[in-house]
1. Sort out which residues of the range 88-125 are of a type in the set (Phe, Trp, Tyr) and either at pLDDT 90 or above or not in a helix (DSSP H, G or I) (or both), and write them in order of number.
2. Return only the number of the condition from (1) surrounded by 12 or more Cβ atoms within 10 Å (Cβ to Cβ); (2) out of contact with any strand residue (DSSP E or B) (no Cβ under 9 Å at 6 or more places or on another chain) that LEU67 does not satisfy.
3. Considering only the range 61-73, I want to know if a residue exists there that is in a helix (DSSP H, G or I), in the same structural domain as SER131 (by TED's automatic domain parsing) and in contact (Cβ under 8 Å) with a residue 12 or more places away in the chain.
4. Tell me which residues, restricted to the range 74-116, are among the polar types (S, T, N, Q), closer than 23 Å to LEU53 by Cα and either surrounded by fewer than 11 Cβ atoms within 10 Å (Cβ to Cβ) or not assigned by TED's automatic domain parsing to the domain that holds LEU53 (or both).
5. Among the residues of the range 110-152, which ones are closer than 24 Å to ASN82 by Cβ and of a type in the set (D, E, K, R)?
Amino acid sequence: MISRWERELEEMARELGDKLTPEAVVDRARSANSALHSMFDWNDAEAAEKYRLLQARGLIRRVVVHLEPHKPNEPPVRAYLNVDRGSREYVAVSVVQSSPQATQAVIAHLLTDLRSVQARLLRYADALDASDELRASIDKFLARNERKKRAG
(Lines give C-alpha, C1' and ligand atoms only; values in the text may rest on other atoms or scores of the structure.)
Protein backbone atom coordinates (compact mmCIF):
# COMPACT_ATOMS: atom_id res chain seq x y z
CA MET A 1 0.00 0.00 0.00
CA ILE A 2 1.32 3.41 -0.93
CA SER A 3 1.51 6.04 1.80
CA ARG A 4 0.08 9.55 1.62
CA TRP A 5 3.52 11.13 1.36
CA GLU A 6 4.53 8.76 -1.47
CA ARG A 7 1.32 9.64 -3.30
CA GLU A 8 2.13 13.33 -2.85
CA LEU A 9 5.62 12.81 -4.29
CA GLU A 10 4.11 11.04 -7.31
CA GLU A 11 1.68 13.93 -7.80
CA MET A 12 4.56 16.42 -7.58
CA ALA A 13 6.59 14.45 -10.10
CA ARG A 14 3.70 14.53 -12.57
CA GLU A 15 3.38 18.30 -12.06
CA LEU A 16 7.14 18.75 -12.61
CA GLY A 17 7.43 16.62 -15.77
CA ASP A 18 8.17 13.26 -14.10
CA LYS A 19 11.06 14.52 -12.03
CA LEU A 20 11.64 15.75 -8.50
CA THR A 21 14.20 18.01 -6.88
CA PRO A 22 15.03 18.09 -3.18
CA GLU A 23 14.31 21.83 -3.17
CA ALA A 24 10.81 21.31 -4.59
CA VAL A 25 10.07 18.56 -2.08
CA VAL A 26 11.16 20.67 0.90
CA ASP A 27 9.22 23.64 -0.44
CA ARG A 28 6.04 21.55 -0.72
CA ALA A 29 6.64 20.01 2.71
CA ARG A 30 6.74 23.42 4.43
CA SER A 31 2.95 23.46 4.48
CA ALA A 32 1.56 21.77 7.58
CA ASN A 33 -1.22 20.47 5.31
CA SER A 34 1.26 18.52 3.19
CA ALA A 35 1.60 14.77 3.79
CA LEU A 36 5.35 15.38 3.47
CA HIS A 37 5.45 17.85 6.37
CA SER A 38 5.82 15.23 9.12
CA MET A 39 8.72 13.58 7.27
CA PHE A 40 10.97 16.56 8.09
CA ASP A 41 12.43 18.05 11.26
CA TRP A 42 11.15 21.63 11.37
CA ASN A 43 12.99 22.54 14.58
CA ASP A 44 15.90 24.45 13.09
CA ALA A 45 18.24 23.82 16.03
CA GLU A 46 17.64 20.04 15.94
CA ALA A 47 17.84 19.93 12.15
CA ALA A 48 21.11 21.89 12.20
CA GLU A 49 22.64 19.48 14.73
CA LYS A 50 21.53 16.47 12.66
CA TYR A 51 23.06 18.06 9.56
CA ARG A 52 26.35 18.71 11.37
CA LEU A 53 26.43 15.03 12.42
CA LEU A 54 25.85 14.05 8.78
CA GLN A 55 28.73 16.33 7.75
CA ALA A 56 30.97 14.82 10.46
CA ARG A 57 30.22 11.30 9.19
CA GLY A 58 31.17 12.44 5.70
CA LEU A 59 34.46 13.90 6.92
CA ILE A 60 35.34 10.72 8.81
CA ARG A 61 34.61 8.61 5.71
CA ARG A 62 36.85 10.81 3.54
CA VAL A 63 40.03 10.01 5.49
CA VAL A 64 41.97 7.25 3.71
CA VAL A 65 45.18 5.31 4.32
CA HIS A 66 47.34 2.88 2.39
CA LEU A 67 47.40 -0.43 4.24
CA GLU A 68 50.53 -1.48 2.39
CA PRO A 69 52.71 1.64 2.01
CA HIS A 70 55.31 -0.33 0.03
CA LYS A 71 52.61 -0.87 -2.67
CA PRO A 72 51.68 2.69 -3.68
CA ASN A 73 49.51 1.47 -6.58
CA GLU A 74 47.15 -0.34 -4.21
CA PRO A 75 44.01 1.70 -3.69
CA PRO A 76 43.64 3.37 -0.29
CA VAL A 77 40.97 2.30 2.19
CA ARG A 78 38.99 4.30 4.69
CA ALA A 79 41.06 5.05 7.77
CA TYR A 80 38.03 4.67 10.05
CA LEU A 81 35.44 1.94 9.63
CA ASN A 82 31.85 2.06 10.83
CA VAL A 83 31.66 -0.75 13.37
CA ASP A 84 28.60 -1.78 15.33
CA ARG A 85 29.71 -2.53 18.88
CA GLY A 86 26.35 -2.04 20.50
CA SER A 87 26.37 1.49 19.10
CA ARG A 88 27.69 2.76 15.80
CA GLU A 89 31.18 4.19 15.94
CA TYR A 90 34.07 4.72 13.57
CA VAL A 91 37.12 2.66 14.52
CA ALA A 92 40.63 3.03 13.11
CA VAL A 93 41.30 0.37 10.49
CA SER A 94 44.45 -0.65 12.39
CA VAL A 95 42.29 -1.45 15.44
CA VAL A 96 39.83 -3.40 13.30
CA GLN A 97 42.73 -5.41 11.83
CA SER A 98 43.80 -6.50 15.30
CA SER A 99 40.32 -7.38 16.56
CA PRO A 100 38.64 -10.54 15.23
CA GLN A 101 35.26 -9.33 16.52
CA ALA A 102 35.55 -5.94 14.80
CA THR A 103 36.83 -7.60 11.62
CA GLN A 104 33.82 -9.93 11.60
CA ALA A 105 31.45 -7.01 12.17
CA VAL A 106 32.97 -5.09 9.25
CA ILE A 107 32.88 -8.13 6.97
CA ALA A 108 29.26 -8.84 7.90
CA HIS A 109 28.35 -5.22 7.15
CA LEU A 110 30.19 -5.31 3.80
CA LEU A 111 28.49 -8.57 2.80
CA THR A 112 25.10 -7.09 3.65
CA ASP A 113 25.94 -4.06 1.50
CA LEU A 114 27.11 -6.32 -1.33
CA ARG A 115 23.90 -8.37 -1.26
CA SER A 116 21.86 -5.19 -1.27
CA VAL A 117 23.75 -3.76 -4.25
CA GLN A 118 23.50 -7.06 -6.11
CA ALA A 119 19.74 -7.22 -5.57
CA ARG A 120 19.33 -3.60 -6.66
CA LEU A 121 21.44 -4.16 -9.77
CA LEU A 122 19.39 -7.17 -10.78
CA ARG A 123 16.07 -5.38 -10.17
CA TYR A 124 17.11 -2.43 -12.32
CA ALA A 125 18.67 -4.64 -14.97
CA ASP A 126 15.41 -6.54 -15.32
CA ALA A 127 13.29 -3.38 -15.21
CA LEU A 128 15.48 -1.65 -17.80
CA ASP A 129 15.84 -4.79 -19.92
CA ALA A 130 19.61 -4.70 -19.46
CA SER A 131 20.26 -8.05 -17.75
CA ASP A 132 22.67 -9.33 -20.40
CA GLU A 133 24.61 -6.06 -20.41
CA LEU A 134 24.83 -6.07 -16.62
CA ARG A 135 25.99 -9.67 -16.41
CA ALA A 136 28.66 -8.97 -19.06
CA SER A 137 29.86 -5.94 -17.07
CA ILE A 138 30.00 -7.93 -13.85
CA ASP A 139 31.94 -10.73 -15.56
CA LYS A 140 34.38 -8.17 -17.02
CA PHE A 141 34.82 -6.54 -13.60
CA LEU A 142 35.43 -9.87 -11.87
CA ALA A 143 37.92 -10.98 -14.55
CA ARG A 144 39.84 -7.69 -14.27
CA ASN A 145 40.03 -8.02 -10.49
CA GLU A 146 41.21 -11.63 -10.79
CA ARG A 147 43.97 -10.56 -13.19
CA LYS A 148 45.04 -7.80 -10.80
CA LYS A 149 45.09 -10.26 -7.90
CA ARG A 150 47.29 -12.71 -9.82
CA ALA A 151 49.65 -9.93 -10.97
CA GLY A 152 49.93 -8.32 -7.53
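The values are calculated or read from the model by the stated rules, or taken from the named source; none is laboratory data. Since this is a predicted model, take the numbers as computed values, not measurements. Neighbour counts run over all protein chains shown; Cβ positions are idealised from the backbone, glycine included.
1. Restricting attention to the range 88-125, the residues satisfying the condition of being of a type in the set (Phe, Trp, Tyr) are 90, 124.
Passing the criteria: only TYR90.
2. Against the list (1) surrounded by 12 or more Cβ atoms within 10 Å (Cβ to Cβ); (2) out of contact with any strand residue (DSSP E or B) (no Cβ under 9 Å at 6 or more places or on another chain), LEU67 comes up short only on (2).
3. yes
4. SER87
5. ASP113, ARG115, ARG120
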